[in-house]
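Shown next, in structure tokens, is the structure this report addresses.
Laboratory data are not the source of any read-out in this text; all were calculated from the coordinates shown. Bear in mind that the values here come from a model prediction, so they are computed numbers and not experimental data. Here Cβ is always computed from backbone atoms with ideal geometry, including for glycine, and neighbour counts include all displayed protein chains.
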């Protein structure tokens, strides 16, 4: 799969709230952080814990891509989402770095 296809697959797993499929697309030593800021999760166990909580708290949570740019191993998504139909919304720009078929880093600008 291309980096864009990997990022798309993780978005689809996110929307399906399929924790196993979602985590399978991240490297064991992955990092999630705030753009130019703090690392919020490091390693697949921390990512698994974060998204298990998110999926439990927001069972109808979903996100979609407004615009995607892919250059080499980097995919930049402008994402919007909602916690439930008609509920709280969110927006982020996410910079994904993909290596060896898995996401190694995701940096969020909110």
If you check 92, 70, which single one turns out to be in contact with a strand residue (DSSP E or B) (Cβ under 6 Å, 6 or more places away or on another chain) and either assigned to a loop (DSSP other than H, G, I, E, B) or surrounded by 14 or more Cβ atoms within 10 Å (Cβ to Cβ) (or both)? 92
Lone qualifier among 32, 76 - being within 12 Å of the chain's Cα centre (by Cα), within 20 Å of residue 17 (Cα to Cα) and either in a strand (DSSP E or B) or touching a residue at least 24 places away in the same chain (Cβ under 8 Å) (or both): 32
Output for the range 1-16, where each listed residue is surrounded by 14 or more Cβ atoms within 10 Å (Cβ to Cβ), within 15 Å of residue 52 (Cβ to Cβ) and over 12 Å from the mean Cα position of the chain (by Cα): none
The range 9-28, residues that are touching a residue at least 40 places away in the same chain (Cβ under 8 Å), under 23 Å from residue 71 (Cβ atoms) and out of contact with any helix residue (DSSP H, G or I) (no Cβ under 7 Å at 6 or more places or on another chain): 11, 27
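Answer yes or no as to whether residue 55 is in a strand (DSSP E or B) and either in contact (Cβ under 8 Å) with a residue 12 or more places away in the chain or surrounded by 11 or more Cβ atoms within 10 Å (Cβ to Cβ) (or both). If you could, list the steps in order and put the result at the bottom.
Numbers: in a strand (DSSP E or B): no; either in contact (Cβ under 8 Å) with a residue 12 or more places away in the chain or surrounded by 11 or more Cβ atoms within 10 Å (Cβ to Cβ) (or both): yes.
No; evaluated as a whole, the condition is false for this residue.
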